[in-house]
Amino acid sequence: MTSITRQDPLHYLGDEIEGLKTQGLYRHLRILDDEQRAHTTVDGRSVVNLSSNNYLGLTTHPRLRERALEAIRQFGVGSGSVRTIAGTMAIHMELERRLAEFKHTEAVVVFQSGFTANAGTVSSILTREDVVVSDALNHASIIDGSRLSRAAIKVFPHKDIDAARAILRDLPPSQRKLLITDGVFSMDGDLGPLPALCDLAEEFGCIMMVDDAHASGVFGKNGRGTVDHFGMHGRVDVQVGTLSKAIGGLGGYVAGSRDLIDFLHHRARPFLFSTSHPPAVAAACIAALDVLVEEPQLIEQLWENTRFFKAGLEAHGFNTGISESPITPVIVGDGTLAMKLSDRLFEEGVFAQGIAFPTVAKDKARVRTIVTATHTRDDLQFALDVFKRVGGELGII
Ligand SMILES: Cc1ncc(COP(=O)(O)O)c(C=O)c1O
């Protein structure tokens with residue numbers, strides 16, 4: 001028998017990885033040894049955690065934990081099927097009914113993640129005859145959904161309403177158009193200009209869609225999102241929210257008209273071709289909705305912590321960009337420097353991830369911080385002191 005020496009057809013991936021290492025951009029996954037908390041243990045080190053999206057501390061809230069455990073005892077650990085075959089459990093329907101009530105919309109459909117909610121929706125409601133008009137900094141799941149739809153993609157510079165209008169003006173009035181923005185932009189923490197975009201959508205007859213992943217549980221009354229925050233109820237046709245960040249569990253959802261939701265039941269591919277949530281996740285998310293309504297002090301504390309921390313960073317002379325939310329970037333420009341800052345902070349007991357190209361522009365590398373309602377004043381003061389010391393040492397401030 002002759003042995004064939006086979007060259008690894010994936011060898012080019014190793015070259016890519018070497019390139020990342022040379023540029024100082026190669027990242028090891030940090031491993032959480034404990035629960036997802038404001039102060040926790042990561043890679044064996046006790047740290048103040050400024051990297052999670054656990055805005056309200058709900059990942060470990062006792063009411064969510066109990067409801068999840070109860071659901072496991074009552075319904076088991078898995079749903080065993082996709083929604084359209086045998087995987088729609090009563091608890092999935094209850095979660096969707098509760099979300100629709102919370103969002104003041106006719107109906108809601110839950111997806112496995114915020115990513116699949118965006119990608120599955122945009123790709124199914126548009127065809128190659130249509131156009132997506134999209135903010136330059138919209139989330140990757142919107143970009144992927146747009147590509148999958150095969151619609152033409154027109155990108156306007158970040159929050160540039162005049163540029164969006166110029167694009168819309170050039171399109172035939174009869175062409176179907178989707179105008180889409182993030183509610184809160186995940187890398188800069190600024191808000192999408194929803195009122196002006198809703199005006200534009202009405203002027204040009206667009207479908208208006210907002211991705212409220214980082215606004216869910218953070219903005220609006222009891223965390224109803226940016227549509228509520230800006231008083232835009234009835235003017236946004238498709239609202240996406242996530243259950244994976246402030247809500248503390250996992251999943252994404254689309255809130256809108258009954259027809260929209262019925263259509264997604266029949267055409268959204270992640271809904272049709274991927275198994276539904278374990279019942280414990282649905283139960284925990286229902287408990288989270290109870291907490292949002294009954295414990296509004298969590299959102300108040302989140303905002304108090306946000307104001308304190310942002311003001312502290314600014315007082316130390318850091319560039320925190322244009323944030324309007326609990327996401328506060330510390331922009332340093334160079335990717336290698338951002339990773340160095342993140343590594344030094346970690347050594348000193350502060351976990352804040354470095355973010356570089358291609359996630360953000362090449363000259364806008366940063367360390368991104370997210371405070372939560374459950375950080376104590378001592379946690380935040382400690383983090384500010386470390387930022388000041390390390391920022392000085394690296395010549396950033
Ligand atoms: C703006 C935005 N949209 C959507 C998502 C996806 O949400 P999920 O983590 O639930 O998939 C994220 C999360 O990374 C996000 O930041």
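Quick look at the values:
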quantity: Label-to-label distance, nm, for residues given as F263 and E70 (7 Å Cα→Cβ offset); calculated: 3.7 nm
quantity: In Å², nearest 10: area of V131 left accessible to a 1.4 Å probe; calculated: 0 Å²
quantity: Heavy-atom accessible area per residue - the chain, 1.4 Å, Å²; calculated: 45 Å²
quantity: Accessible-area ranking of R377, R307, largest first, probe 1.4 Å; calculated: R307, R377
quantity: Surface accessible to a 1.4 Å probe, V155 within the full protein complex, Å²; calculated: 80 Å²
quantity: Per-selection Rg to Rh, region 198-285 - Cα, Kirkwood hydrodynamic radius; calculated: 1.00
quantity: Count of Lys pairs (Cα-Cα under 16 Å; at least 8 positions apart or interchain) in the chain; calculated: 7
quantity: Residues D8 and E294, FRET efficiency given R0 of 45 Å [Cβ-Cβ distance, rounded to 0.05]; calculated: 0.20
quantity: Fully extended contour minus Cα-Cα distance, from K362 to T336, at 0.36 nm per residue; calculated: 8.3 nm
quantity: Solvent-accessible area, 1.4 Å probe, carbon plus sulfur percent, for region 1-128; calculated: 55 percent
quantity: Net charge contributed by nearby residues that have their C-beta within less than 12 Å of S342 (K/R +1, D/E -1); calculated: +3
quantity: Equivalent ellipsoid semi-axes - Cα gyration tensor, the chain, angstrom; calculated: 32, 27, 25
quantity: Label-to-label distance, nm, for residues given as T84 and T60 (7 Å Cα→Cβ offset); calculated: 4.1 nm
quantity: Additional length obtainable on full extension of the chain from R97 to L29, 0.36 nm per residue less Cα span; calculated: 20.8 nm
quantity: Among Q23, Q297, Q239, residue whose mean-square fluctuation peaks in a GNM of the chain (springs only between Cα atoms under 10 Å); calculated: Q23
quantity: Theoretical gain in end-to-end length, T275 to A315 [0.36 nm per residue, Cα-Cα removed]; calculated: 9.6 nm
quantity: For peptides 115-127, 49-61, sequence by mean Cβ density within 10 Å, most packed first; calculated: 115-127, 49-61
quantity: Cα gyration tensor of region 129-232 - equivalent ellipsoid semi-axes, whole Å, descending; calculated: 23, 15, 12
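The values are calculated or read from the model by the stated rules, or taken from the named source; none is laboratory data. Remember, it's a predicted structure, so these values are computed and weren't measured experimentally. Glycine gets a Cβ as well: all are built from the backbone with ideal geometry, and neighbour counts include every protein chain shown. For accessibility, only protein heavy atoms count, side chains too; no ligands or nucleic acids. Shrake-Rupley method; radii C 1.70, N 1.55, O 1.52, S 1.80 Å.
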